[in-house]
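S.K.: Before anything else, here's the structure in question.
We did not get these values from a lab; they are worked out from the coordinates using the rules stated. Just so we're clear, the structure is a prediction, and the values are computed from it rather than from any experiment. Here the Cβ positions follow ideal geometry from the backbone for every residue, glycine too, while neighbour counts run over all protein chains shown.
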Amino acid sequence: MSEVPAHRLYIDGAWTDGTGDAWTEVVNPATEEVIGRVPEATQEDAERAVRAARRAFDEGPWPSMPVQDRAAVMLRMAELLERRAPELIDLNIAEVGSIRMLAEMLQVGVPLAHFRDMAERIMPGFAWERPLPPTPVPGLGLGQGVMRREPCGVAALIPAYNFPLFLSVMKLAPALAAGCTTVLKPAPAAPLEVLALAEVAEEAGLPPGVLNIVTGGVEAGRVLTTDPRVDLVSFTGSDTVGRQVYAQAAEGVKKVVLELGGKSPSVICEDADLDKALGEMLAGIATNAGQGCSLFTRTLVHRSRHDELVEKAVAALGFITVGDPADPATAMGPLISRAQRDKVEKLVRAGEEEGARIVHGGRRPAGLDRGFFFEPTLFTGVDNTMTIARTEFFGPVGCVIPFEDDDEAVRLANDNPYGLAGSVWAADPLRAYGIAGRVRAGMVMVNGGGGGVTPHVAFGGYKQSGLGREWGEHGLDEYLQTKSITWSAASG
Ligand code: NAD
């Protein structure tokens, strides 16, 4: 234990020990070795962080700083993060178990690009104030004024474990850009990369209290979502905890952004390019070992192409090498924890009990005795009402369901509690576009999409996948309030 690096909390611009004596061990999911430990923040620690953020908002320079000065600090942070990218990639592989390509591109590359984009977005030219022209109001006179966008206040940022830096930056960058102050609580399983944000904030000269990071679990999370000094809660995680967060925040009528789970459908029409659609289907199973909220895990395929697709998928799944995520030859790493693998195994057994058929995988891979590995798994013979078609696994498991025509495909796609993402494959892009318009989800891709990871595409879900949007201008808007200031033009 003594050789394992011990980390600290970052509160009010200083690294500090927690007031409790409990620690969370960070485990490498591929080796089961402890690679770090972080303090389990107590209620008192979390309250201290909230107090610092409140003071920094009410009395500090950040919210009222000229926008170009705020952007300059953020650009310095972006540059420092970019310099540390190799270290962040290694950390991500170690604490999440991402394969190197995923760590380089999506886990670290995309958030760093987004951070820079958000800093540039608030450069002069962003519409912080919009004049309302003098307008006659019958019987009252002539009115005019401005519509202003102001920071929301103190924002509590609570990300999930699966993309720690990505999800934290998705929240922190727009919050800082808007002029909010923040308390960030990383997921207990993956806090190490997130702590780097405080290190670069300190080096870049972010004023004390603007970013506070408390590591810990439910105790700290409860404070961040109930404390009256917090104005906004941005949460990414399961819908079960999301509902609790929503209820906790309701007492103080806080603004809430919820990014929750998904069971996203991919609709493959009879004339689709099957090989390309297959690539997306395999990615839905294997990317981050299936631990991605918007992965396509429910494949709806026209009955005439069902057998061909399944045959190709089974052959391709056999080539997915599971193992050490640090090895460049590995295509899929482990699940985050033993508990997560247990959950996946239980759902797989439920699928079998309900009569679905495993055509590939379904168990722990042979020869990998350490690490939380599970084989890429595919079910056929699935009915859309089965547990495995409705429940998010958050593991490397997909299912295939046939349909007869477009109307049935849309009905099946929408017959699910979630509505995060969707995908449509058809030879005629107009037909695919028509189907995409009918899928009730926040993000729908046509023939592989294109803008899915650009910083300008809004990210978020319909139905039980959440509330609000992240990324780009819509993401920035969540951290802003709109204020009107009006006066009588006639009387001066
Ligand atoms: P989780 O819901 O278990 O935990 C999320 C966070 O909430 C953690 O930081 C946890 O410590 C904290 N928390 C737990 N109880 C709390 C409480 N009562 N009050 C406040 N905070 C509390 O989620 P997870 O296991 O880390 O992540 C997996 C889930 O995240 C999946 O369901 C996945 O779909 C979802 N997810 C969604 C998106 C999206 O953008 N929609 C992105 C990534 C992950």
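S.K.: Relative to the longest principal axis of the chain, what angle (0 to 90°, nearest 10) does the C-alpha long axis of helix 85-96 take?
M.R.: Here the helix axis deviates by roughly 60 degrees.
S.K.: Sticking with this one: Starting at the first residue of region 149-158, write each ³J(HN,Hα) from the Karplus equation 6.51 cos²θ - 1.76 cosθ + 1.60 with θ = phi - 60°, in whole Hz, x for Gly and Pro.
M.R.: 10, 10, x, 5, x, 8, 10, 8, 10, 10
S.K.: Ok, one more. Using DSSP, restrict attention to beta bridges with both residues in region 264-464 and report what percent are antiparallel, rounded to the nearest 5.
M.R.: 20 percent
S.K.: Sequence-distant or interchain residues sharing an amide H contact under 5 Å with Val256, placed H: which?
M.R.: Hits under the 5 Å cutoff: Val233.
S.K.: Still on this structure, I have one more. Based on the Kirkwood radius over alpha-carbon pairs, what value in µm²/s does the Stokes-Einstein equation return for the translational diffusion coefficient of region 399-445 at 4 °C and 1.567 mPa s?
M.R.: Diffusion coefficient, whole number: 118 µm²/s.
S.K.: Could you pull out every residue, at least 5 positions away or on a different chain, whose amide H is within less than 5 Å of the one on Leu184? Hs are placed 1.01 Å off N in the peptide plane, and Pro or chain starts have none.
M.R.: Residues meeting the amide H criterion: Leu157, Asn212, Ile213, Val214.
S.K.: With +1 assigned to the C-beta of every Lys and Arg and -1 to the C-beta of every Asp and Glu, and no other charges, what is the dipole magnitude of region 1-143 about the Cα centre in debye, to the nearest 20?
M.R.: Roughly 780 debye, rounded to the nearest 20.
S.K.: Region 254-298 to region 143-168: how many Å between their Cα centroids?
M.R.: Using only Cα atoms, the two centres lie 26 Å from each other.
S.K.: Oh, and also: Could you derive backbone 3J(HN,Hα) for region 63-79 from the dihedral phi with the Karplus parameters 6.51, -1.76 and 1.60 (θ = phi - 60°), listing whole Hz in sequence and x where the residue is Gly or Pro?
M.R.: Per-residue couplings from phi come out as x, 9, 4, x, 4, 5, 6, 4, 4, 5, 5, 5, 5, 5, 4, 4, 5 Hz.
S.K.: Now for a separate question. Mind checking the dipole of region 122-209: about its Cα centre, +1 per Lys or Arg Cβ, -1 per Asp or Glu Cβ, Debye to the nearest 20?
M.R.: My answer is approximately 380 debye.
S.K.: Enter the Cα centre distance for the pair region 372-410 and region 190-218, rounded to the nearest angstrom.
M.R.: Here the two parts' Cα centres lie 39 Å apart.
S.K.: Can you work out the PRE-style zone for Tyr433? Point 7 Å along Cα to Cβ, and I want the residues of region 402-416 with backbone N under 18 Å.
M.R.: None, by backbone N distance to the label point.
S.K.: Taking only the alpha-carbon positions of region 1-117 and ignoring solvent, what does the Debye formula give for the base-10 log of I(q)/I(0) at q = 0.09, 0.18, 0.23 Å⁻¹?
M.R.: With one equal scatterer per Cα and no solvent, log10 I(q)/I(0) is -0.36, -1.15, -1.18.
S.K.: Would you please classify the overall shape of the chain from the alpha carbon gyration tensor, given that a ≥ b ≥ c denote the square roots of the eigenvalues, rounded means a/c under 1.5, and beyond that prolate means a/b larger than b/c while oblate covers the rest?
M.R.: In terms of gyration-tensor shape, oblate.
S.K.: Check Glu33: other-chain or 5+ apart residues with amide H under 5 Å from its amide H, H built from backbone geometry?
M.R.: Asn28
S.K.: Mean residue ellipticity at 222 nm from the helices of the chain, using -39,500 (n - 2.57) per DSSP H segment of n ≥ 4 over the full residue count, to the nearest 500 deg cm²/dmol?
M.R.: For the chain, the value works out to -11000 deg cm²/dmol.
S.K.: For Cα pairs less than 8 Å apart in space and 6+ apart in sequence, what is the mean separation divided by the residue count of region 264-464, i.e. the relative contact order in percent?
M.R.: It comes to 26 percent, rounded to a whole number.
S.K.: Based on DSSP, what percent of beta bridges with both residues in the chain are antiparallel, to the nearest 5?
M.R.: 45 percent
S.K.: Charges at C-beta only: +1 for Lys and Arg, -1 for Asp and Glu. How large is the resulting dipole of the chain about its Cα centre, in Debye rounded to 20?
M.R.: In total the dipole reaches around 1080 debye.
S.K.: Go through 210-223, 262-275, 171-184 and give me the packing order, highest mean Cβ count within 10 Å leading.
M.R.: The most tightly packed comes first, giving 171-184, 210-223, 262-275.
S.K.: Could you work out how far helix 192-204 tilts from the main Cα principal axis of the chain, as a 0 to 90 degree angle to the nearest 10?
M.R.: 30 degrees
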